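Heads up: the structure comes next, in structure tokens.
Only the coordinates and a few stated rules stand behind these numbers; no lab work does. Bear in mind that the values here come from a model prediction, so they are computed numbers and not experimental data. Please note: Cβ atoms are built from the backbone with ideal geometry, for glycine as well, and neighbour counts cover all protein chains shown.
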Amino acid sequence: MAHSLSANKRVRQSAKRRLRNRDRKKTIKTHVKNVLTLVEKKDAAGAKAALTAAIKTLDRNANQGTLHPNTAARRKSRLARKLNAIQAASS
């Protein structure tokens, strides 16, 4: 238990941030899962639309500090590679 006023404030702020970040990460996971599901189904058009939404979510969260920018870039790259692979296979 924190004793000083500033330590109590930090506990409150950390709790708020933890809840906010948990919600944001859940949204990221949902968008990424949507892309991966469509890639598995070999639905290139749907996966491309889902990838656009996932990239937007990843970028926004990287800017807000929920994710490290390099983590967001790595995830975007991996998703794009999977989409490109199914597009190349269908061509």
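Obtain the nm distance between the two label points defined at R81 and A7 by a simple spin-label model: each point lies 7 Å from its Cα along the Cα-to-C-beta direction.
4.6 nm
Choose one of L19, T66, A80: the residue whose Cα lies farthest towards the positive end of the charge dipole of segment 5-90 (beta-carbon charges +1 Lys, Arg; -1 Asp, Glu; about the Cα centre).
L19
In what sequence, highest mean first, do 12-19, 83-90 appear when ranked by Cβ atoms within 10 angstrom? Show your work: numbers first, answer last.
Numbers: 12-19: 10.2, 83-90: 12.5.
Result, highest mean first: 83-90, 12-19.
Given +1 on the Cβ of Lys and Arg, -1 on the Cβ of Asp and Glu, and no further charges, what dipole in debye does segment 2-91 carry about its Cα centre, rounded to the nearest 20?
460 debye
Going by alpha carbons, how many degrees (0 to 90, nearest 10) lie between the helix axis of 44-64 and the longest principal axis of the chain?
Value to nearest ten degrees: 20.
When averaged across all projection directions, what area in nm² does the alpha-carbon convex hull of the chain cover? Write out the running numbers ahead of the final one.
Working: hull surface 26.6 nm².
If I average the Cα hull's projected area over directions, I get 6.7 nm².
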